[in-house]
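Quick notes on the structure that follows.
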Amino acid sequence: MLYSKLARFSTIAGAAMVAVVCWGASGSLAVADDVVRFGAPLPLTGPLAPEGIKQQQGYDLWAEQANKAGGISVGGKKYKVEMVYADYQSNTPRAVQTTEQMITQDNINFLFGAFGSGAAKAASTVSEKYKVPTIAAAASSSQVYDQGYKYLFGTFTPNDTLTTPLTQMIKSQAPDVKKVAILARNDLFPLAIAQEMEKSAKANGFEVVYFEKYAIGTLDHSATLSQMKSLAPQWIFVTGYINDLLLVRKQMVDQQMKAPVVTMIAGPAYQDFIESAGQSAENITSASWWHPAEEYAGKDIFGSTSNFVKLFKDKYKSEPDYGQASAALCGALFQIAIERAGSLDREKVRDELAKMDIVTFFGPVKFGPNGQINSLEPPVFQIQGAKPIVLFPQAIKQGELKLGVN
């Protein structure tokens with residue numbers, strides 16, 4: 001079906017289908033064929049499409065596994081998982097509109113948040129108004145969770161949990177690195193993490209010699225990079241999404257910009273970035289919220305981290321990154337909360353999410369009072385030999401920091 005020119009479709013474990021949905025006389029949602037409908041507004045086209053597609057892969061893998069096991073158990077009865085997707089075309093106002101349509105027209109039971117901190121925050125006003133429990137798979141900025149909302153939860157720890165260990169590592173292992181230059185996409189998450197980087201850098205004795213924002217959709221960074229180069233920074237820190245960072249990296253190479261340390265967040269965690277950047281990705285550092293090298297014995301549907309990785313590789317023929325894993329985690333957490341509630345009642349499921357304290361394939365999950373997860377230690381890694389090598393934390397460390405990005 002089509003609403004306001006937004007592509008919309010629903011799937012049960014990957015198969016296209018049409019579901020009949022109606023409201024019961026009591027006001028609770030009644031779904032034909034015993035399915036639970038999960039809405040997922042995503043940027044499946046436009047500049048954020050690579051990230052949106054990754055989230056969809058995570059949701060689909062979870063839905064497939066849940067349905068292979070017979071579905072979600074609700075009060076002794078099994079309900080199949082149905083995913084309802086809508087493409088908001090990498091446009092935040094459309095993400096808000098799509099979220100409202102999913103609730104009021106598609107009659108979803110529960111929601112996954114829109115991609116990124118900006119869109120997730122904007123769309124959460126709608127889900128909060130309708131009291132629909134929502135888990136955001138890709139929103140880390142504290143500004144998303146400072147609204148006093150009851151129904152919003154997120155699986156990414158705050159941005160400083162990435163920048164603090166990163167700056168501490170460079171300080172201890174690269175003592176000659178003193179000057180930092182920061183370039184940030186002017187969007188909620190990329191700007192917020194750049195600001196956290198500035199704080200972390202100054203707190204650890206670095207001199208921030210440059211801090212600049214670039215507009216969404218910027219294609220020519222040459223003047224900005226030229227100015228940055230003139231300051232001879234020893235650490236270049238750039239934020240944005242995969243297409244932004246690939247473009248910046250190419251233009252850095254064009255200007256023959258070199259530095260002992262180059263950090264980019266969040267693109268290098270994706271295999272797409274490594275393959276597209278080629279040799280220019282070598283020795284770039286980054287940080288993310290999960291890595292397949294982690295090993296947890298989870299109590300969710302995936303069980304161990306290694307089992308999740310295997311299932312993902314079997315389905316998609318590639319290794320999962322943190323975005324795909326976080327999306328799958330969100331589905332698994334909803335499943336746990338629904339089964340513990342023994343009901344599809346939104347209030348009961350929301351309450352189960354709020355008191356969640358469980359080990360999953362992704363790591364320990366516990367939400368703070370504001371709904372943001374506060375129980376993870378995100379890894380820092382570096383691209384070495386065309387692979388992400390974990391440098392921190394010590395428990396999953398795979399290699400040593402290498403200096404020099406040409």
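The values are calculated or read from the model by the stated rules, or taken from the named source; none is laboratory data. Computed from a predicted structure; not experimentally measured. Ideal geometry is used to build each Cβ from the backbone, glycine not excepted, and the neighbour counts take in all protein chains shown.
Structure above, values below:
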{"read-out": "Checking N243 against (1) buried (at least 22 other Cβ atoms within 10 Å of the Cβ); (2) under 21 Å from N159 (Cβ atoms); (3) out of contact with any Asp or Glu (no Cβ under 8 Å at 6 or more places or on another chain), the condition it does not meet", "value": "(1)"}
{"read-out": "D106 vs. criteria of a type in the set (D, E) and under 21 Å from the mean Cα position of the chain (by Cα)", "value": "no"}
{"read-out": "Options A259, A266, A232; residue that is under 26 Å from P43 (Cα atoms) and out of contact with any helix residue (DSSP H, G or I) (no Cβ under 6 Å at 6 or more places or on another chain)", "value": "A266"}
{"read-out": "Residue identified as free of Cβ contacts under 8 Å to residues at least 24 places away in the same chain and assigned by TED's automatic domain parsing to the domain that holds A269 among I383, I389", "value": "I389"}
{"read-out": "Out of D106, D87, sole residue that is out of contact with any helix residue (DSSP H, G or I) (no Cβ under 9 Å at 6 or more places or on another chain) and either more than 21 Å from R346 (Cα to Cα) or touching a residue at least 12 places away in the same chain (Cβ under 8 Å) (or both)", "value": "D106"}
{"read-out": "Restricting region 91-150 to residues that are part of a helix (DSSP H, G or I) and charged (D, E, K, R), the residue that is surrounded by the fewest Cβ atoms within 10 Å (Cβ to Cβ)", "value": "K129"}
{"read-out": "Selection within region 291-310 - modelled with pLDDT of 95 or more and either polar (S, T, N, Q) or crowded, with 20+ Cβ neighbours inside 10 Å (or both)", "value": "G298, D300, I301, F302, S304, T305, S306, N307, F308"}
{"read-out": "Residue check, A325 touching a residue at least 12 places away in the same chain (Cβ under 8 Å) and closer than 24 Å to K78 by Cβ", "value": "no"}
{"read-out": "Index of the failed condition, T163 passing every other in (1) under 20 Å from T98 (Cα atoms); (2) crowded, with 24+ Cβ neighbours inside 10 Å; (3) touching a residue at least 40 places away in the same chain (Cβ under 8 Å)", "value": "(1)"}
{"read-out": "Every residue from region 336-353 that is touching a residue at least 24 places away in the same chain (Cβ under 8 Å) and surrounded by fewer than 18 Cβ atoms within 10 Å (Cβ to Cβ)", "value": "E339, G342, S343, D345, E347"}
{"read-out": "Whichever residue in region 337-373 is touching an Asp or Glu at 6+ places or on another chain (Cβ under 6 Å) and among the aliphatic types (A, V, I, L, M) and, among such residues, is nearest to A114 (Cα to Cα)", "value": "A337"}
{"read-out": "Whichever residue in region 292-317 is out of contact with any helix residue (DSSP H, G or I) (no Cβ under 6 Å at 6 or more places or on another chain) and assigned to a loop (DSSP other than H, G, I, E, B) and, among such residues, is farthest from T155 (Cα to Cα)", "value": "K317"}
{"read-out": "Matching entry among G52, G27, G46 (being modelled with pLDDT under 95 and under 24 Å from S124 (Cα atoms))", "value": "G27"}
